[in-house]
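S.K.: Please find one structure pasted underneath; my questions will follow.
What follows is calculated from the coordinates using simple rules that are stated; it is not laboratory data. This one's a predicted model, so the numbers in the text were calculated from it and none came from an experiment. Note that each Cβ is placed from the backbone with ideal geometry, even for glycine, and that neighbours are counted across all protein chains shown.
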Amino acid sequence: METRDLILIEHFCNNHGIEFSFIDSLQTFGLIEVIIQEEQKYLQQDQLIEVEKMMRMHYDLDINMEGIDVISHLLKRINYLQQELIVTQNKLRLFVGED
Amino acid sequence: MEFIDYYNILEIQKTATEADIKAAYRKLARKYHPDLNPNDENAKKKFQQINEANEVLSDPEKRKKYDKYGKDWKHADEFEKANQQQSQSRSNDGGQQSYGSSGGDFSGDFSEFFESMYGSGAGGRSKQTKFRGQDLSAELHLNLMDVYKSQQQTLTVNGKNIRLTIPAGVENGQVIKIAGHGAPGANGGPNGDLYITFTIANHPKFKREGSNLYATVDLDLYTALLGGDLQVDTLDGKVKLKVAPETQGNTKVKLKGKGFPVYKKEGEFGDLYITYNVKLPTNLTEKEKESLTELSKLRANGN
């Protein structure tokens with residue numbers, strides 16, 4: 001059951017045509033967690049969204065690791081603020097329709 | 001369908017070199033890429049335009065054709081038709097309008113202008129799904145009462161029926177992820193996910209904040225002054241309240257557990273806050289006026 005949620009990094013890199021060193025760098029920067037089982041390196045399936053996002057930043061937008069690191073923190077912050085905004089907007093709905 | 005000025009979109013001159021185009025594209029993509037602008041529809045649209053402009057201008061053949069016919073693109077279409085058989089069949093496979101793709105590759109959406117010039121299959125180059133499937137997003141519009149109790153609902157997304165339980169107490173603006181129900185993966189990659197955003201309309205009587213509900217109830221002058229019983233509506237049916245004598249206007253009463261269900265905590269409810277709105281009588285009769293005058297005199301005499 002557990003291994004089904006693990007993605008072999010080699011397979012992932014081959015499919016995207018990217019170098020393994022990219023994943024290594026992400027790990028070095030503490031941006032992802034690599035799981036080692038029987039000498040094979042894996043990613044957790046629920047990390048794929050983030051890894052693919054960082055991959056696009058690097059290969060499509062030419063952003064280096066330091067930039068990806070900063071952006072990841074800022075995106076987390078944006079996500080938190082967007083959640084806060086929804087909560088605040090929902091509170092404001094209390095006053096809609098009142099004079 | 002309008003002519004699109006791709007040079008203008010990339011903010012470059014017509015004389016731009018390949019390197020200029022690449023640099024301009026990257027600069028704008030870094031600004032508008034949907035990965036960097038989560039939940040921003042304007043950025044997404046802008047990025048699609050940038051992508052399309054880059055698709056045309058970074059490809060020497062496409063750029064040549066675009067430069068040659070430019071604003072005369074309608075004739076270009078006719079001209080090209082004579083030379084090659086283009087399949088103009090646009091796949092319009094009935095996807096529900098509230099569904100769209102999100103995250104991942106964004107290169108699939110090209111304008112009608114682009115398609116009329118290059119055909120519907122000309123975009124995207126090698127940007128097909130290589131591994132994890134694309135995420136899909138959907139918006140579900142519901143009334144407050146729809147999320148008062150958990151309910152099962154069947155949604156049709158891309159022709160597939162998905163049966164899901166909408167938990168009671170879902171918030172307006174809340175996003176729920178349905179794992180694996182996005183587009184299928186490729187080469188052994190997992191499917192994408194489906195993200196459902198809930199939009200919950202206001203209720204005419206009850207306002208909601210989290211699991212608490214707020215309502216205003218009219219209270220007639222005499223019940224407010226002398227006290228008495230009052231029936232009020234809750235989402236759970238009517239409730240009888242004892243109104244204390246000399247209740248002031250805007251007094252708030254808390255009805256514990258008569259609010260909204262707490263999300264993912266079965267059997268737990270918030271509270272309902274009732275605010276009394278004391279209604280003063282209108283169209284007073286002569287007799288009422290006399291009695292009220294008497295009352296006011298009593299007050300004026302310090303009683």
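S.K.: Within segment B:172-206, whose backbone N sits under 16 Å from a point 7 Å along Cα→Cβ of B:Q151?
M.R.: B:172, B:198-204
S.K.: Follow-up question, since we're still on this one. What do you get when you divide the Cα radius of gyration of the protein assembly as shown by 2.2 N^0.38 Å, with N the number of residues?
M.R.: Expressed relative to 2.2 N^0.38 Å, the Cα Rg reads 1.42.
S.K.: Give me a comma-separated list of calculated 3J(HN,Hα) values for segment A:30-46, in order, Karplus coefficients 6.51, -1.76, 1.60 applied at θ = phi - 60°, integers in Hz, x for any Gly or Pro.
M.R.: Calculated HN-Hα couplings, in order: x, 8, 9, 10, 9, 9, 10, 9, 6, 6, 10, 9, 10, 10, 7, 4, 6 Hz.
S.K.: Same structure, new question: Any lysines with Cα under 18 Å of the B:K65 Cα? List them, leaving off those in the same chain fewer than 8 positions away.
M.R.: B:K14, B:K74, B:K81
S.K.: Then there is this: Which is the longest part of chain A that has none of the GluC sites (Glu not before Pro) sitting in a DSSP loop with at most 13 other Cβ atoms within 10 Å?
M.R.: A:40-97
S.K.: While we're looking at this one, here's another question. Where a ≥ b ≥ c are the square roots of the eigenvalues of the C-alpha gyration tensor, would you call segment B:134-187 rounded, which needs a/c under 1.5, or, failing that, prolate if a/b is larger than b/c, or oblate?
M.R.: Judged from the Cα gyration tensor, segment B:134-187 comes out prolate (a/c at least 1.5, a/b above b/c).
S.K.: Can you give me the distance in nm between label points at B:K238 and A:Y59, each placed 7 Å from the Cα along the Cα-to-Cβ direction?
M.R.: 6.7 nm
S.K.: With both partners inside the protein assembly as shown, how many of the DSSP beta bridges are antiparallel, as a percent to the nearest 5?
M.R.: 70 percent
S.K.: Let me ask another. With point charges of +1 on the Cβ of Lys and Arg and -1 on the Cβ of Asp and Glu, referenced to the Cα centre of the protein assembly as shown, which listed residue (B:L241, B:N161, B:Q48) lies farthest in the positive direction of the dipole?
M.R.: Of the candidates, B:L241 comes out farthest on the positive side.
S.K.: With viscosity set to 0.692 mPa s at 37 °C, what whole-number translational diffusion coefficient in µm²/s follows for segment A:3-94 from Stokes-Einstein and a Kirkwood radius over Cα pairs?
M.R.: Result for D is 222 µm²/s.
S.K.: Past 20 Å, Cα to Cα: identify those pairs from B:K31/B:K64; B:K149/B:K258; A:K53/B:K44, in the order given.
M.R.: B:K31/B:K64
S.K.: With charges set only on the Cβ (+1 for Lys and Arg, -1 for Asp and Glu), what does the dipole of the protein assembly as shown come to about its Cα centre, in debye to the nearest 20?
M.R.: Rounded to the nearest 20 debye, it is 1020 debye.
S.K.: Mind giving me the nanometre distance, one decimal, between the label points for A:T28 and A:L75, set 7 Å out from Cα along Cα→Cβ?
M.R.: Distance between the two pseudo-spin positions: 2.1 nm.
S.K.: Here is a follow-up. With θ taken as phi - 60° and the coefficients 6.51, -1.76 and 1.60, list the Karplus ³J(HN,Hα) couplings across segment B:36-47 in order, rounded to whole Hz; mark glycine and proline as x.
M.R.: My calculation for segment B:36-47 gives 9, 10, x, 6, 10, 4, 5, 5, 5, 5, 4, 5 Hz in order.
S.K.: Quick one: check the C-alpha center-to-center distance for segment A:52-96 versus segment A:21-51, whole angstrom.
M.R.: For segment A:52-96 versus segment A:21-51, the Cα centre distance is 21 Å.
S.K.: What do you get for trypsin sites (Lys or Arg not before Pro) in segment B:212-295 restricted to DSSP loop and a cutoff of at most 13 other Cβ within 10 Å of the site's Cβ?
M.R.: Working: sites: B:K238, B:K240, B:K242, B:K252, B:K254, B:K256, B:K258, B:K264, B:K265, B:K279, B:K287, B:K289; in loops: B:K256, B:K258, B:K264, B:K265.
The qualifying sites are B:K256, B:K264, B:K265.
S.K.: If R₀ is 60 angstrom, what is the calculated FRET efficiency for the pair A:I35 and B:T251, using the beta carbon separation as r and rounding to 0.05?
M.R.: That gives a FRET efficiency of 0.50.
S.K.: I've got another one for you. Go ahead and estimate [θ] at 222 nm for the protein assembly as shown from helices alone: -39,500 (n - 2.57) per DSSP H run with n ≥ 4, summed, over the residue count, rounded to 500. Could the numbers behind the result be given before it?
M.R.: Numbers: 12 runs with 142 residues, N = 402.
Computed mean residue ellipticity for the protein assembly as shown: -11000 deg cm²/dmol.
S.K.: Give the separation of the Cα centroids, segment B:236-259 to segment B:153-178, in Å.
M.R.: Taking the Cα centre of each part, segment B:236-259 and segment B:153-178 sit 35 Å apart.
S.K.: Can you list residues from other chains, or at least 5 along the same chain, whose modelled amide H is less than 5 Å from the amide H of B:K279?
M.R.: Amide H to amide H, under 5 Å and 5 or more residues apart or across chains, B:K279 pairs with B:L219, B:D220, B:L221.
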